[in-house]
1. Within the stretch 177-197, can you find the residues that are touching a Leu at 6+ places or on another chain (Cβ under 7 Å), open to solvent by less than 80 Å² (accessible area, probe 1.4 Å) and among the charged types (D, E, K, R)?
2. Name the residues in the stretch 139-159 that are surrounded by 20 or more Cβ atoms within 10 Å (Cβ to Cβ), farther than 25 Å from Leu77 by Cα and among the hydrophobic types (A, V, I, L, M, F, W, C), would you?
3. Identify, by number, the condition in (1) crowded, with 18+ Cβ neighbours inside 10 Å; (2) of a type in the set (A, V, I, L, M); (3) closer than 30 Å to Tyr118 by Cβ that Ala54 doesn't meet.
4. Among the residues that make up the stretch 165-188, is at least one of them within 24 Å of Leu87 (Cβ to Cβ) and touching a Phe, Trp or Tyr at 6+ places or on another chain (Cβ under 7 Å)?
5. Looking only at the stretch 112-131, count every residue that is open to solvent by 10 Å² or more (accessible area, probe 1.4 Å) and touching a Leu at 6+ places or on another chain (Cβ under 8 Å) and tell me the total.
6. Ser66 is checked against (1) among the small types (Gly, Ala, Ser); (2) touching a strand residue (DSSP E or B) at 6+ places or on another chain (Cβ under 7 Å); (3) modelled with pLDDT under 90 and fails just one. What number does that condition carry?
7. Could you please find all residues in the stretch 139-158 being among the hydrophobic types (A, V, I, L, M, F, W, C), within 20 Å of the chain's Cα centre (by Cα) and under 19 Å from Asp112 (Cα atoms)?
8. Has the stretch 35-49 got at least one residue that is among the small types (Gly, Ala, Ser), assigned to a helix (DSSP H, G or I) and touching an Asp or Glu at 6+ places or on another chain (Cβ under 6 Å)?
Amino acid sequence: MCVFLDGVDMEDLLKLNKHECTIIRSNLMEIVNCAERLELALEDAEIYEEMGTAKRIVSSCYKVLSAVVNSEEMVKLDEYKPVVFCLSDLVNDMVNVCRSKLRKSNIKITTDIEDIIYVDADPDRLTSCLMNLIVNSIRNVDKDLGEIKIKISKLNGRASIVVSDNGYGADLEEIEKRLLDEKRNTGLAVVGKFCREAKTNIIVDEGSGAGLLFSFQLPLAKNNQITLKSRQSFMASKSLSPVLVYLAKVEDEEDPEE
């Protein structure tokens, strides 16, 4: 049942237009929902030997969905819509979801967040940008000793965001090229385009040990833009939220990203 998914050419997926992405996303979501219900039914019937097949269907769908999500992101970034929101809350919510999904591994995700920081940016596009950086780190750290750090602080009147890891590292010049490459619509291309749309420079450097460090800044919200209201929940609870789609991309993977 998974052959057609495993044989999908990701390069072709990354060239899809918005309408084609919508059709594929809709059908894959239906397959995932059916497979998850099937998995529960198999468990209730104690047919454990077949549960792996249902899980493989879900995993394969998520991998294709992640490519579709990035293809859609490149289009959505053309309509970058900044609003005032609490960056601290967004990052905390995102990291909590990541920790929950990665609880079976020994990869640690830590945060160093300076107080409560409000920014003027596009929260949805920022979420995809940060998730691509997190996924890139997950795929390039040791599964037993890996550590990913996210630091949020105020620097020179702006909000500074740093994502670093203690992974295997990579050729910095090659990464710079991928950040500028909009033809393939890969994760790093999404990161690069986000920074261009947000009018900020991204710095790539060596992280802890042989790892990588990505750093960029966002404009702080002005005091008169900040209004007191109930805490906003940034992470959708539905199983096919973009965050979970990105995380599913790296589940059970052993090799670093090509």
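The values are calculated or read from the model by the stated rules, or taken from the named source; none is laboratory data. Just so it is clear, the structure is predicted and the values come from calculations on it, not from any experiment. Ideal geometry is used to build each Cβ from the backbone, glycine not excepted, and the neighbour counts take in all protein chains shown. The area values use the complete protein model at the heavy-atom level, side chains included, leaving out ligands, DNA and RNA. Shrake-Rupley method; radii C 1.70, N 1.55, O 1.52, S 1.80 Å.
1. Across the stretch 177-197, the qualifying residues are Arg178, Lys193, Glu197.
2. Those that are surrounded by 20 or more Cβ atoms within 10 Å (Cβ to Cβ), farther than 25 Å from Leu77 by Cα and among the hydrophobic types (A, V, I, L, M, F, W, C): Val141, Ile148.
3. Only one criterion is unmet by Ala54, namely (3).
4. Within the stretch 165-188, not a single residue is within 24 Å of Leu87 (Cβ to Cβ) and touching a Phe, Trp or Tyr at 6+ places or on another chain (Cβ under 7 Å).
5. 5
6. Going through (1) among the small types (Gly, Ala, Ser); (2) touching a strand residue (DSSP E or B) at 6+ places or on another chain (Cβ under 7 Å); (3) modelled with pLDDT under 90 one by one, Ser66 breaks only (2).
7. The answer is Ile148, Ile150, Ile152.
8. Narrowing the stretch 35-49 to residues among the small types (Gly, Ala, Ser): 35, 41, 45.
The next check asks that each one be assigned to a helix (DSSP H, G or I); those that pass are 35, 41.
Subsequent filtering for residues that are touching an Asp or Glu at 6+ places or on another chain (Cβ under 6 Å) retains none.
There is no residue in the stretch 35-49 that is among the small types (Gly, Ala, Ser), assigned to a helix (DSSP H, G or I) and touching an Asp or Glu at 6+ places or on another chain (Cβ under 6 Å).
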